[in-house]
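The structure appears right after this line, and notes come after that.
Nothing in this text is a laboratory measurement; each read-out follows from the coordinates by a stated rule. Because the structure is a prediction, the values reported are computed rather than measured. FYI the Cβ positions are ideal-geometry reconstructions off the backbone, even for glycines, and counts take in every protein chain you see.
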Amino acid sequence: MIKLILQTVPSYVMNIYLLPHLLCLEIEKMINSFWWSFNSRQNRPINWLRWDKLVIMKDFGGLGFRNLNAFNLMLMGKQAWNLMTNSSSLIS
């Protein structure tokens, strides 16, 4: 549930704008630090897995987090496809 909420929040903005790669990396860092900071008594959380391992699909042993840069590009492609194929939309 937490993973779903953490990744749904930036998806609205990503559906409209192409975010810079560095911004996607910063958001991923924030999600990663939130995910591993369950114990507030520690000064620094322990990251048990690297982010590139968390992004792997659950079927292949990962936790199924999204690569936000790739997800943003996919959403931009979806918007471009909708604009090209839907001739009755307001923008085209």
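Where does each of 56, 31, 16 land when they are ranked from fewest to most other beta-carbon atoms within 10 angstrom? Before the final figure, lay out the partial values.
Values: 56 15, 31 21, 16 10.
Least crowded to most crowded, the residues run 16, 56, 31.
At a 10 Å Cβ-Cβ cut-off, how would you order 89, 37, fewest neighbours first? Don't skip to the end; give the middle numbers.
Numbers: 89 10, 37 13.
Arranged by neighbour count, lowest to highest, 89, 37 become 89, 37.
Taking other Cβ within 10 Å of each residue's Cβ, how do 81, 35 sort, fewest first?
81, 35
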